[in-house]
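The values are calculated or read from the model by the stated rules, or taken from the named source; none is laboratory data. The shown structure was predicted, so the numbers you read here are calculated from the model rather than taken from an experiment. All Cβ positions, even for glycine, are placed from backbone atoms using ideal geometry, and neighbour counts span all protein chains on display.
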Amino acid sequence: MSNFLYALKGQFTVLNLLILLLALAFIFNRYKRRRTAIIFISGAILIFLICSTAYLPNYLAGKLESKYLPYPAATNFNDSERVLIHVLGSGYVLDKRLPPNAQIGWCALGRLAEAIRVHRMIKNSTIICSGYSSLGLETQAQVTKRAAIVLGVDSSQLETLNLPSTTQEEASELSAHYSKKSHVIIVTDAIHMPRAIKLFAAQGFNPIAAPTNYKINEGPVQEDIKWLPSFERIGLMNYVIHEYLGNLKATLQN
């Protein structure tokens, strides 16, 4: 079941679903089953409107993001306790023209910035950068470490996990190299945090959330037209589907 959910998580997108419904409509229309074809076309239109307007994507994303509050300014760790701040990977590019903070991209940079903020509040904390290289080159963990150094973190307070390619592998690698009794703070996108916490808890840690990169903001921003379809909302809905399926897989594994 978990392998099926992993495959489904990668392929189940709004666009793929629309293509499937329209293809079925074409096939049934070709064989003179026009009523069935109209049902599939109507379903495609309905799904497009639901997923491309703000209402459902924003609601579902907000439900995920509200599960964990931002990391507080006050901390309760003893100065003698070691704290691991694990920055989860999120993709990068090896473009030698760019400084390392630009190579890791906006998403990873947001995660790293939050990790540095938390690191500066906690004595004896270590930032763990993770992520592999699919090409066998410099890993995302190594590039993220270089970016942290550029942003003022001492290299002695940075460590890397160079093998993980997924959140589950990041949790497993941390478990293989560090004590389960360590204080572990997870830094990732707020929408991804519920799944990450489940996966790290399954490895025996008692993880603490430090969410960032919020998709849904409640501040005084210009009100958009919620009923107007947009590709941005479809992208958000794809992210929501990915996380809900990932959460289901993590729950079944536990």
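Here are some notes:
- Condition met for Arg233 (under 18 Å from Asn101 (Cα atoms), in contact with a Pro (Cβ under 8 Å, 6 or more places away or on another chain) and assigned to a helix (DSSP H, G or I)): no
- Just one of the listed residues (Lys63, Lys32, Lys67) is at pLDDT 90 or above and not in a helix (DSSP H, G or I), and it is Lys67.
- Residue list for the stretch 54-80, filter: in contact with a His (Cβ under 9 Å, 6 or more places away or on another chain) and either assigned by TED's automatic domain parsing to the domain that holds Val153 or under 16 Å from Arg117 (Cβ atoms) (or both): Phe77
- All conditions in (1) buried (at least 16 other Cβ atoms within 10 Å of the Cβ); (2) in the same structural domain as Cys107 (by TED's automatic domain parsing); (3) assigned to a helix (DSSP H, G or I) hold for Asn247, with the sole exception of (2).
- Screening the stretch 59-87 for residues that are over 30 Å from Thr139 (Cβ atoms) and small (Gly, Ala, Ser) and picking the one that is surrounded by the fewest Cβ atoms within 10 Å (Cβ to Cβ) gives Ala74.
- Search result, residues across the stretch 161-200 that are in a loop (DSSP other than H, G, I, E, B) and surrounded by 23 or more Cβ atoms within 10 Å (Cβ to Cβ): Ala190, Ile191, His192
- Candidates in the stretch 29-58 are the residues that are of a type in the set (Ser, Thr, Tyr) and closer than 23 Å to Glu243 by Cβ; of these, the one that is surrounded by the most Cβ atoms within 10 Å (Cβ to Cβ) is Ser52.
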